Structure formats: structure tokens, C-alpha cells
1. Roughly what % antiparallel, to the nearest 5, for the DSSP beta bridges in the chain?
2. With springs only between Cα atoms under 10 Å, which of ASP35, ASP144, ASP98 fluctuates most in a Gaussian network model of the chain?
3. For the residue pair ARG209 and GLN14, what label-to-label distance in nm results when each label sits 7 Å from Cα along the Cα-to-beta-carbon direction?
4. Go through 209-218, 64-73 and give me the packing order, highest mean Cβ count within 10 Å leading.
5. If you compute Kirkwood radius over Cα pairs in Å for the structure shown, which of [x] 18.5; [y] 20.0; [z] 17.6 do you land on?
6. Taking R0 as 22 Å, what's the FRET efficiency between THR157 and GLN74 from their Cβ-Cβ distance, rounded to 0.05?
7. Around VAL79, which amide H atoms from residues at least 5 apart in sequence, or from another chain, sit under 5 Å from its own amide H, with H modelled in the peptide plane?
8. Determine the share of the chain's accessible area contributed by carbon and sulfur atoms, expressed in whole percent, with a 1.4 angstrom probe.
Amino acid sequence: MSAPRILVADDETQLRRAVRRSLEGHGYAVREAEDGSSSLRELAVFKPDVVLLDLVMPDMSGVEVCRELRKASQVPVIVLSVVGEERRKVEALDAGADDYLTKPFGMDELLARIRVALRRGSADRMQASVIKTGDVQIDLERRDVRLNDELVHLTPTEYSLLKYLATNAGRVLTHPMILAAVWGSEYTSDVQLLRTFINQLRAKLGEDRDTPRYIYTDPGVGYRFAEPES
């Protein structure tokens with residue numbers, strides 16, 4: 001089996017090289033890109049399994065790169081940002097990025113995010129009809145949700161929300177993305193509506209908001225559902 005391919009797109013030479021050395025030491029095949037244009041060229045030639053994409057680059061922003069990339073590929077994208085770039089971070093996620101890391105980041109965290117992205121990009125995930133995470137099991141064909149083998153009674157909207165979160169497990173979903181998917185494009189600014197339903201869903205799944213097991217909050221950005229069991 002060939003090594004997973006990672007494209008590191010960042011204009012900071014030292015960071016790119018440090019990340020490349022570490023990833024290659026963990027068995028990944030890595031290529032570098034120093035700007036947006038070369039990132040898109042490498043996407044076509046290298047065909048990476050995961051892209052690490054800096055938000056600020058000389059010729060194109062990470063948001064612009066992500067929009068162009070999504071026209072040709074569904075490869076998982078992890079954007080790299082610094083503190084204070086929340087607005088751009090949200091724009092990148094809305095443009096199709098899957099996750100983000102805030103600089104400086106530790107290699108253990110980066111490796112964990114890459115593993116999640118690789119699992120999400122596999123065909124097995126797309127074909128799964130039952131998602132099991134901790135004590136929660138979601139049967140997508142039967143529209144059946146169970147907690148500790150006990151049936152959980154959800155309203156149609158609660159189920160739609162849970163399904164959208166769970167089928168995108170591990171991916172950061174912004175407030176507008178979730179609202180548009182579950183309620184429609186006219187609701188994309190109604191964050192309070194989303195918070196209300198998230199709280200209802202958490203209560204029915206028996207989880208504590210302060211120590212969540214299933215639905216994680218990314219402050220100011222959105223929500224992330226826990227990765228299913230392999």
C-alpha cells in the first residue's frame with residue numbers, strides 16, 4: 001500500500017520544512033507549495049490525500065485556493081491560521097475546508113487531525129449505513145437513533161441535525177453551513193435557533209455541555225461531531 005500523500009501549502013519556508021520532515025518521519029509522502037498557484041498545480045499533479053493550507057499566502061488567500069480547489073476535488077483540507085483570523089477561518093470552512101489548526105500547533109495534534117481527515121476521505125465512510133460513536137448508534141437507513149441500546153425519540157428536525165453532524169463527523173461545520181443544510185438558506189444567520197436545537201440534542205443524547213462526548217463546540221465557528229468507532 002502506498003503512503004498517504006500530504007500537500008503542505010504555506011509561505012513560511014521553515015514551517016513547511018519542519019512539517020515535511022516530521023510527516024515523512026511518520027511514513028507520509030509529502031510535497032510543499034509556497035503560494036496559492038503552486039498549491040493548485042500540485043493538487044493536479046501530486047493528487048494529495050490531505051491538504052494543509054495556510055490562510056495567508058502571497059498571491060491567493062487560503063479562502064480563494066479552497067474555492068478553486070473545490071471545483072475539481074473533494075480532498076480533505078485542513079486550514080492553518082493564526083490567532084485573530086477567525087473571520088477568514090470561517091470563510092475558509094464555508095468555502096469547503098474541513099478543519100483548521102491554529103498556529104503554533106503541536107505535531108501530535110496535527111497528526112491526529114490528518115488521521116481523521118484520511119478516515120473521512122475513505123470510501124468506507126461514504127458507504128456506512130450505521131454510525132456508532134461511544135454509546136450512540138445511528139442507523140441511517142432506518143432513521144433509528146439509540147443510546148445504550150435504548151431508542152432515542154427525536155423530532156424530524158433534531159434527527160436531520162444529528163444526521164448532518166454525524167455524516168460529517170470530525171469535520172468543523174460552521175453555523176451557516178449547518179443552518180442551510182438543516183433549515184434552508186433563509187436561516188443561515190439564525191445562530192440562536194441552532195444553539196437551541198444543539199442543546200435539545202445534547203440533552204437527549206445524555207451529554208454534559210461542559211464535557212461533551214459527541215457534539216463539540218468550536219467557539220465563534222460552529223460544531224464538530226465526534227469521530228465514529230473504526
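The values are calculated or read from the model by the stated rules, or taken from the named source; none is laboratory data. The structure displayed is predicted, hence computed values, not measured ones. Here the Cβ is made from the backbone with ideal geometry for all residues, glycine too, and neighbour counts use every protein chain on show. For accessibility, only protein heavy atoms count, side chains too; no ligands or nucleic acids. Shrake-Rupley method; radii C 1.70, N 1.55, O 1.52, S 1.80 Å.
1. 50
2. ASP144
3. According to this spin-label approximation, the distance is 4.2 nm.
4. 64-73, 209-218
5. The value computed from this structure is option [x].
6. For R0 = 22 Å, the calculated efficiency reads 0.20.
7. For VAL79, the qualifying residues are LEU53, ASP98, ASP99, TYR100, LEU101.
8. That fraction is 47 percent.
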